[in-house]
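Okay, so here's the structure we're looking at.
The values are calculated or read from the model by the stated rules, or taken from the named source; none is laboratory data. Fair warning: this is a prediction, and the values are worked out from it, not measured in the lab. Cβ coordinates were reconstructed from backbone atoms using ideal geometry, including for glycine residues, and neighbour counts include every protein chain displayed.
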């Protein structure tokens, strides 16, 4: 690709197709065929597969899907087509390292290997979780203050100055700028002003994103989201995010939230769609790194067996065939002040770290409530570091993850989920420390996870 203008040209001149035909006749049917052609299956008892041939087959099928289909523009109802050579060049150009933040607080993201003994980057926060303005700063401070944290993200502001934030409304500009003001204020308070951020989470449309591309808000050393819509879709609004970022010099994070059980089918099909999404995002989102965030069609959470399998095999597929920077979101079903939140966090962190990803989270309680804290972010980092230090194998990771699933899988049968409590019921707002009950749960669960086999957990 010579420039992003070519993307827009192809979005206006490519073959016309309705969105329904794209979903059913292109994505669903093609993915099903590729699953059958490559003989792809998954095992519920093997959520961390140790099969190089399977990882390679998933990658090859995803590349075939990207070549055959391209991406769909919802703005023009046309297919954005790419030649195989363009996609392969995009793969070759994926950054292997990326500096985030500045000064003493800068951190380098890097492409991780399978069973990599280098420590994963710990990217803390409850990404996208709707958060009342009065809780926003205390929430972000709770994970900014954790020494194990390398980079930070945040939830979204639901109200500013008592007014509801509405998508594509001028108030979205105010809310996104307010979010960044709180983020920068928080970093200064904890003595880490140069720490890198993934922010502008309050920008649902492109308005807020454009409004914070300024050194007083999002700096060039920070990043923002350029979503790929479900499945394999873009629109002009999200291309505008990418274009603005490139012109400004900021990092682009691609975000395809592939639905396990959706158009791609069960886990193998969803994995193929996820691989294709990353490959296409190199060109349509101008991605500097990728966020791996498959979600379950019923449970949302990233801690179900099928989603854990997709995370693992996608990360392994890229580590083996096209090394790049992958950061995986952790979205547990459970919320603060529940033991299950810690079990789910541990399971996700183990699977991601051993498979070749970095850690981001936690979007506790499915990321739909302000029920996340700095304590599970600390635990996420401690588990990931322990996995790397221990030199854990894929088989060992699978064994421990199965034990953890026994501890929390029951929450998926609860019609009400397991949301726990709001941040201000789990943390003391004056001291910004977890309440004694929440601290005690953390200590006890750490001991349990050590006994399961994660012996280097501090």
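Structure notes:
- Residue selected from region 399-423 under the condition under 13 Å from residue 304 (Cβ atoms) and in contact with a helix residue (DSSP H, G or I) (Cβ under 6 Å, 6 or more places away or on another chain), by the criterion surrounded by the most Cβ atoms within 10 Å (Cβ to Cβ): 404
- Flag for residue 376 being modelled with pLDDT under 95 and either under 30 Å from residue 134 (Cβ atoms) or assigned to a helix (DSSP H, G or I) (or both): no
- All positions within region 9-18 that are free of Cβ contacts under 8 Å to residues at least 60 places away in the same chain and exposed (fewer than 12 other Cβ atoms within 10 Å of the Cβ): 18
- Note on region 369-392: residues that are under 27 Å from residue 111 (Cα atoms) and in contact with a helix residue (DSSP H, G or I) (Cβ under 7 Å, 6 or more places away or on another chain) total 11.
- Answer residue from region 64-80, given it is in contact with a helix residue (DSSP H, G or I) (Cβ under 6 Å, 6 or more places away or on another chain) and buried (at least 21 other Cβ atoms within 10 Å of the Cβ) and is farthest from residue 92 (Cα to Cα) among those: 73
- Residue count, region 328-368 (criterion: surrounded by fewer than 24 Cβ atoms within 10 Å (Cβ to Cβ) and out of contact with any helix residue (DSSP H, G or I) (no Cβ under 7 Å at 6 or more places or on another chain)): 2
- Single unsatisfied condition, residue 366 versus (1) under 29 Å from residue 113 (Cβ atoms); (2) in contact with a strand residue (DSSP E or B) (Cβ under 7 Å, 6 or more places away or on another chain): (1)
- Condition met for residue 76 (at pLDDT 95 or above and under 22 Å from the mean Cα position of the chain (by Cα)): no
- Scan of region 403-425 for residues that are touching a strand residue (DSSP E or B) at 6+ places or on another chain (Cβ under 6 Å) and in a helix (DSSP H, G or I), ordered by number: 411
- Lone unmet requirement of (1) more than 20 Å from the chain's Cα centre (by Cα); (2) crowded, with 24+ Cβ neighbours inside 10 Å; (3) free of Cβ contacts under 8 Å to residues at least 60 places away in the same chain for residue 426: (3)
- In region 31-55, the residue that is farthest from residue 80 (Cα to Cα) out of those that are in contact with a helix residue (DSSP H, G or I) (Cβ under 6 Å, 6 or more places away or on another chain) and in a helix (DSSP H, G or I) is 55.
- If you check 208, 194 for being surrounded by fewer than 19 Cβ atoms within 10 Å (Cβ to Cβ) and either under 22 Å from the mean Cα position of the chain (by Cα) or in a loop (DSSP other than H, G, I, E, B) (or both), only one passes: 194.
- Residue 261 falls short on exactly one of the conditions (1) crowded, with 21+ Cβ neighbours inside 10 Å; (2) modelled with pLDDT of 95 or more; (3) out of contact with any helix residue (DSSP H, G or I) (no Cβ under 6 Å at 6 or more places or on another chain), and that condition is (1).
- Annotation: residue 130 fulfils all but one of (1) surrounded by fewer than 18 Cβ atoms within 10 Å (Cβ to Cβ); (2) out of contact with any strand residue (DSSP E or B) (no Cβ under 8 Å at 6 or more places or on another chain); (3) closer than 26 Å to residue 365 by Cα; (4) modelled with pLDDT of 95 or more; the unmet one is (2).
- Scanning region 96-105 for residues that are surrounded by fewer than 15 Cβ atoms within 10 Å (Cβ to Cβ) and closer than 20 Å to residue 252 by Cβ returns 96, 97, 99.
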